[in-house]
Each structure stands twice: as structure tokens, then as C-alpha cells.
2 protein chains.
Amino acid sequence: MRWKKISDAVIRRLPLYLRVLDELANDPNTQLISSQDLGVRAGVGPALVRKDLAWFGEFGKQGVGYEVKFLRDELRRILNLDSEIKIAIVGAGSLGAAFARYAHKRYADDSSFNLNVVALFDNDPGKVGTEIDGIPVYSANEMQERVRELQIHMAIIAVPSEQAQTTADRLVAAGVKAILNFAPVKINVPEGVHLASADLSLELQCLAYYLRD
Amino acid sequence: MRWKKISDAVIRRLPLYLRVLDELANDPNTQLISSQDLGVRAGVGPALVRKDLAWFGEFGKQGVGYEVKFLRDELRRILNLDSEIKIAIVGAGSLGAAFARYAHKRYADDSSFNLNVVALFDNDPGKVGTEIDGIPVYSANEMQERVRELQIHMAIIAVPSEQAQTTADRLVAAGVKAILNFAPVKINVPEGVHLASADLSLELQCLAYYLRD
DNA sequence: TAGATTGTTAATCGATTAACAATC
DNA sequence: TAGATTGTTAATCGATTAACAATC
């Protein structure tokens, strides 16, 4: 099940649809949803909803709409969220620890949330060997072995900016294929590794622009 | 100094340029930078760099380039980062506390980083009255008065999803003009208030798509 | 059947890139 | 002056929206 290169803009909307469908799946009154309704709930135009979905197949019935649970399952499958994905967080400072707790809670609460943080890494000997919400903190030196051993394919970088690139390099060397970077620096990864940036200060600086009235 | 409606895509690149210029400003060897060089460092094409800047004025010299410090100052001014912006964080859980520490450190370390977290709000009576890195934690009930009193114009929502919309409503009522939402829900704000979403699980779900090889 | 809604094609809109005259 | 690089216009590219035939 491999599709041609589908635009990033399309992919970014899929989790939005999935969230709406996840909520609706609990409501026994709504078995079906139209692109119109799904669009309103996700904040996307109805035509765009249909076009986005059409990249991956024909999921709806003309004159009827989309079956909520069916479409939800399809989207989960498309996003690779139908089986567990193991995640490492590098950097067990307050930010790293906060994400660990946050993601762990999400995973524990919702059996269909298959993103599971299984390891933290840190340099601080005082932290190594401890646990955060049951997630072990390993030494950063063990990163490569542990990542391989635990079959971790995704990682979150929550280290200081200076260490971000080195961390990324080591993760990539260990076989990580997707990285979410919280450090406020541009980092480079080779072809085939996907990088997303979640840069808090960048977001705040953008927001500042709109403050002038 | 008000410009016509400038695209969000343009605004999002300005902090990228600013970051490059901030770094370069410390280097006494580089007084000047070309759109070419600035583009490479920011990960943007040279033509786009020039076009982005041209929306706000003529900052360069033909045949020469842009003066680093001058352009940095202009960008700061454009982004409203030339004077202090006071920020509130609502929700002093581990995520809220982590951001507070993070932003506070940034502000303390760098005198040109004018984004200052001055208040936390929480419902938990055990937290109210305490401090995190010197930032006071107030009761969520005091939100409106405190926000007005402290002249807070920007806020970060780090509360559970269920409370996100109510929190946003209260912030808006108190005069907040820009909100960064970390809760994994769509929230609505009136015209004139700017909303950005930093949804961790959404980012991770997007990344999951790219895991298939 | 009549009404509704899909999947898809064509039209529109907006953003990026290329090109180049102006000029430092 | 010759070389370099800007600001800006025109060309290209991509993404969203509108429209509609197909069909449930």
C-alpha cells in the first residue's frame, strides 16, 4: 500500500479528520458523515475533504456519505496508526519529561492511540536509571543500542540547541526514520528520514506580529 | 506602521530570518549578508527572501546586500519584538510548568528576547501561591483581573482539552489578543484575536505516515 | 423515482521561482 | 568602470474551490 508522493498539506489534514471520526465513533446516533459535516468539524472545505480522501481510495458512497468507523479505520491504516509505534525522547529535562508524561497518559487512556514512548535518554547521571511515569531513563551513551534493541522508529529531540544536530545524527545512525525537533535550531537529516519542527519560540514570535492593533 | 494583509506564510518565515541575523550579529566579520546567504542559512530560496522583506520596505543596497544589524533591528520591529511582551500560561501541569521554565530561561539569558512569561494560572489550590522559576502561580479565578492588571496580551493554553475553549473565552474577555493552544482540540476565537495551535499528537500522527518504507 | 452526496475534472486562487532592469 | 545584488515584474507551480456527471 504505497501511494505516489502526496503533498504534505494533505497529510497534515488527515489527523484532523481522524480526530473528528474518533469522537463521532462513540456516538451511536451517527454511523454516517458527509464531507460537508466532516469538513465543518475539522475546519476544512467539503471539496477539499473529498479530494484529500480520494488520494487514497474511494471510501464513500454517493448520495450517502462516509461510514464513520470504516473511514476512521482506513485513516488509521493510512497514517500507520493501526499498530504500535515506539518513540524515544532524547533529553529528560522539564520539557522532555513533560512530553513523556503527556504522551504516556494519552497512550494509557486511549487504546487506539498507538504512539508509545518507551525510552528517555539523558546525559545527567542523576537521572539515568530513574523512571518517569514508568518510562526508563537511559544514558545517552546507550542510545544507539537501545533504539535498535527496542525497535524505536520515531524520536523527539528535547535537548539544548547545541546538542540537537549531534543527537539527530545519532538517532538516524540507529535507524530512526522520523524526528520531531523541539530545539530552536535548524537541523539536517539525510533523505528518507522525516523531520518535523515544533519550535515554541518561533510560534510565539509569529504571534507577536499580530499583536499590533 | 501598518501594512496591508500580509500572508501568514510570509510572517512565519520572518522569525527564521531573525534567528540567522541574531547569530550573525555576534560575528564581527560579517556586517553584510546577501539574500543568497541568508536564504541558505534559513532554508529559503534567495528570491523568496527578497520578496518577503520587500513587503515591509527596502532594507538592502543593490550590489551590496543587507546590513546584518540593521535588518535584525527592522525585523524585530516588524515582529513587535522591540519591546517586552507579557505572556500568561494557563495550566501549571507538567507541560505548562515546562514551558514556563523554558521561556523564562530564554528571557533571562537573552536580553533581546522580549517574550516574558509573567504569570501562571491553575485550578489546583496546592499550586496557587507557589512560584515556578520566580513566576507566580495564580488561581484560575483571578485570571481576568490579573491579565488586565499585568497588561498581558499573549497567552499559552496548557490545560486539559475539556477546559481549552472556556479558557480561551476567558482570556479573550480579559483582552488577550494572541493565543498559542497546546490542547489537542479545535478552539474558536473571535475576529481580531490570533490563534496558533501547537498540537503535539497531531505532529506525531503526521510523522507516523512517513514511517512506512 | 427524487434527493443527496460522492469522486473528479476544470477554474481559480495564491505562493514560489525565474528573470532582469536599476543601481550600489 | 565592472561586478554584484537588490527590488520587482512576469512565469511557473501547486493547492484550493467550484461545478457536475455518476450513482447510491
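Read-outs: derived from the displayed coordinates by stated rules, not from any lab. The shown structure was predicted, so the numbers you read here are calculated from the model rather than taken from an experiment. Here the Cβ is made from the backbone with ideal geometry for all residues, glycine too, and neighbour counts use every protein chain on show.
Taking other Cβ atoms within 10 Å as a rough exposure proxy, A:Trp3, B:Trp55 sort from fewest to most as A:Trp3, B:Trp55. Note on segment A:85-203: Cα Rg divided by 2.2 N^0.38 Å, N the number of residues, gives 0.98. Taken one residue at a time, the phi angles of segment B:84-96 give Karplus couplings (6.51, -1.76, 1.60, θ = phi - 60°) of 4, 10, 8, 10, 10, 10, 9, x, 9, x, 5, 5, x Hz. Gly and Pro are set to x. Annotation note: trypsin sites (Lys or Arg not before Pro) in segment B:1-76 located in DSSP loop regions with a Cβ neighbour count of at most 13 within 10 Å are B:Arg2, B:Lys4, B:Lys5. Estimate the FRET efficiency between A:Asn29 and B:Asp73 by the formula 1/(1 + (r/R0)^6), using the beta-carbon distance for r and 51 Å for R0, to the nearest 0.05. Working from the Cβ atoms, E equals 0.30.
The mean sequence distance of close C-alpha pairs (under 8 Å, at least 6 residues apart), as a share of the length of segment B:8-78, puts its relative contact order at 39 percent. Placing a label point 7 Å from Cα along the Cα-to-Cβ direction at A:Ser139 gives distances to the equivalent points in the other copies of 5.0 nm, listed shortest first.
If you wrap the Cα atoms of segment B:150-197 in a convex hull and average its projected area over all directions, you get 2.9 nm². Positive-end ranking of B:Ser197, A:Val20, A:Leu48 along the dipole of the protein assembly as shown, with charges on Cβ about the Cα centre, is headed by A:Leu48. Between A:Val64 and B:Phe56, take the C-beta separation as r, use R0 = 51 Å, and let me know the FRET efficiency to the nearest 0.05. That pair, A:Val64 with B:Phe56, gives E of 0.50. With one equal scatterer per alpha carbon and no solvent term, the Debye-computed log10 I(q)/I(0) for chain A at 0.14, 0.16 1/Å reads -0.96, -1.13. Each part reduced to its alpha carbon centroid, segment A:138-208 and segment B:120-193 end up 30 Å apart.
Computed from point charges on the beta carbon alone (+1 for Lys and Arg, -1 for Asp and Glu), the dipole magnitude for the protein assembly as shown about its Cα centre is near 1240 Debye. Computed over the protein assembly as shown, the P(r) curve from all C-alpha pair distances, binned at 20 Å from the origin, holds 24, 57, 20, 0 percent per bin.
Using Cα-only point scatterers and the Debye equation, what is log10 of I(q)/I(0) for segment B:8-78 at each q in 0.17, 0.23, 0.27 Å⁻¹, rounded to two decimals? Computed log10 I(q)/I(0) values: -0.52, -1.02, -1.50.
Sequence-ordered 3J(HN,Hα) estimates for segment A:164-172 from the Karplus curve with 6.51, -1.76 and 1.60 and θ = phi - 60° stand at 5, 5, 4, 4, 4, 4, 5, 4, 4 Hz, glycine and proline given as x. For chain A, the longest principal axis of the C-alpha atoms and the axis of helix A:68-78 are separated by about 40°.
Taking loop as defined by DSSP and a crowding limit of 16 other beta carbons within 10 Å, which GluC sites (Glu not before Pro) in segment B:123-198 fit? The qualifying sites are B:Glu191.
Given +1 on the Cβ of Lys and Arg, -1 on the Cβ of Asp and Glu, and no further charges, what dipole in debye does segment B:1-115 carry about its Cα centre, rounded to the nearest 20?
On the way: 18 positive and 14 negative charges, 87 e Å.
Here segment B:1-115 has a charge dipole of around 420 debye.
For B:Ile89, nonlocal amide neighbours, meaning residues 5 or more places apart or on other chains whose placed amide H falls under 5 Å from its own, are B:Ala119, B:Leu120, B:Phe121, B:Ile156. Roughly how far apart, in whole Å, are the Cα centres of segment A:1-40 and segment B:32-64? Segment A:1-40 and segment B:32-64 have Cα centres spaced 39 Å from each other.
In nanometers and ordered shortest first, the copy-to-copy spacing of the A:Ala9 label point, defined 7 Å from Cα toward Cβ, is 0.7. Taking each DSSP H run with n ≥ 4 as -39500 (n - 2.57) and averaging over every residue of chain A yields -13000 deg cm²/dmol at 222 nm. With 26 Å as the limit, the listed pairs A:Lys105/B:Lys186; B:Lys5/B:Lys186; A:Lys4/A:Lys177; A:Lys51/B:Lys186; A:Lys86/B:Lys105; A:Lys186/B:Lys51 have A:Lys86/B:Lys105 beyond it between alpha carbons. Between B:Phe70, B:Val90, B:Val159, the Cα set farthest toward the positive side of the dipole of the protein assembly as shown (charges on each charged residue's Cβ, about the Cα centre) is that of B:Phe70. Axis of helix A:200-209 versus longest Cα principal axis of chain A: the two differ by about 60°, to the nearest ten degrees. Would any residue of segment B:170-193 have its amide N under 20 Å from a label point 7 Å out along Cα→Cβ of A:Leu211? List them or say none. Within reach of a label on A:Leu211: B:170-182, B:190-193.
Taking the DSSP beta bridges with both ends in segment A:85-203, the antiparallel portion is around 10 percent. Summing charges over all other residues whose Cβ lies under 9 Å from the Cβ of A:Asp82, with Lys and Arg as +1 and Asp and Glu as -1, gives +1. A point 7 Å from Cα along Cα→Cβ stands in for A:Glu162, and the other copies hold the same point at 4.5 nm, listed in rising order. Full extension of the chain between B:Asp82 and B:Gln151 gives 23.2 nm of extra length, using 0.36 nm per residue less the Cα-Cα distance.
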